[in-house]
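Structure first, commentary second.
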């Protein structure tokens, strides 16, 4: 009996010594979730005391108003470049510092949570998922529908207190196979069309050159690209992805593989919308050779790279004047 009591006390001491910021529990092992977790699944895991690290990507005020148990505060802006070039990757040391400050390790099961109100919002957890996977983390999930999905499912149990987090000793191992640099995109543009797909994730007006991102030098798209808006994955609207069979049917709108594996490069304005296309194709539909171009059109347009659908200078000036007038 004394031996059992001693063991129980030792286990209790060990549990108390574990860092906060995660539901430190015994249920599901790391990697038990797929890339996309439904609200009810996550609730069950929390109730069953699964070992999870929940990362809340919403603004600090939204986080403070109520977040999932054990979630750490990591607003999306911390994962992005500055306003002049939001899609630019941070220096590797900055990413490592951020991951360590959140107490994350590559063995953790990490669930990313956003607001989830609309399709555009899905780009936030998709981009951070891509970032963490590129850094070398392996057990990653996105809460489908984010906090809006959680509330729509009638789930509660939110907390307002921020957990204390012990910094980790995370070491990055960047995976070059996930990243498309500008030089690699240029080589893809120059390669035979049958060998690659350049996927423009923006709404069609961007691809057609009718509008541009404020930080881009000129409207238009990468030469040889295909218009495939990220909004297509959300046929019912909202911020939650539909069932895999629906996603597979939507993917039939992509260029045919023609019996060979094509390299697919996903881009948009700043690598936000493009992250959704990357996530669905790579992580949910398991298409091979899918990469993300983080800097996307802002980076591409600043370096005089090959573009199509670029309006004349006169048309661009007229569009700017029209936009300025409409914004008054």
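At a glance:
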{"read-out": "Hey, residue 199 in contact with a strand residue (DSSP E or B) (Cβ under 8 Å, 6 or more places away or on another chain), buried (at least 24 other Cβ atoms within 10 Å of the Cβ), in the same structural domain as residue 90 (by TED's automatic domain parsing) and touching a residue at least 40 places away in the same chain (Cβ under 8 Å) or not", "value": "no"}
{"read-out": "Those residues of the range 210-232 which are in a loop (DSSP other than H, G, I, E, B), within 22 Å of the chain's Cα centre (by Cα) and closer than 27 Å to residue 192 by Cβ, in sequence order", "value": "225, 228, 229"}
{"read-out": "Matching entry among 237, 253 (being more than 19 Å from the chain's Cα centre (by Cα), surrounded by fewer than 24 Cβ atoms within 10 Å (Cβ to Cβ), outside the structural domain of residue 114 (by TED's automatic domain parsing) and modelled with pLDDT under 95)", "value": "253"}
{"read-out": "Test for residue 154: is it surrounded by fewer than 13 Cβ atoms within 10 Å (Cβ to Cβ) and farther than 16 Å from residue 290 by Cβ", "value": "yes"}
{"read-out": "Residue in the range 63-74 that is crowded, with 21+ Cβ neighbours inside 10 Å and within 16 Å of the chain's Cα centre (by Cα) present", "value": "yes"}
{"read-out": "All helices (runs of 4 or more DSSP H) inside the range 25-134 with 1 or more residues being under 24 Å from residue 240 (Cβ atoms) and in contact with a helix residue (DSSP H, G or I) (Cβ under 7 Å, 6 or more places away or on another chain)", "value": "39-47"}
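Yes or no, residue by residue, for (1) exposed (fewer than 14 other Cβ atoms within 10 Å of the Cβ); (2) part of a loop (DSSP other than H, G, I, E, B); (3) at pLDDT 95 or above; (4) over 20 Å from the mean Cα position of the chain (by Cα):
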| position | (1), (2), (3), (4) |
| --- | --- |
| 242 | no, yes, yes, no |
| 245 | yes, no, yes, yes |
| 261 | yes, yes, no, yes |
| 265 | no, no, yes, no |
| 275 | no, no, yes, no |
| 283 | no, no, yes, no |
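The values are calculated or read from the model by the stated rules, or taken from the named source; none is laboratory data. Small disclaimer: the values here were computed from a predicted structure and weren't measured. So basically every Cβ, Gly included, is an ideal-geometry build from the backbone, and we count neighbours across all protein chains shown.
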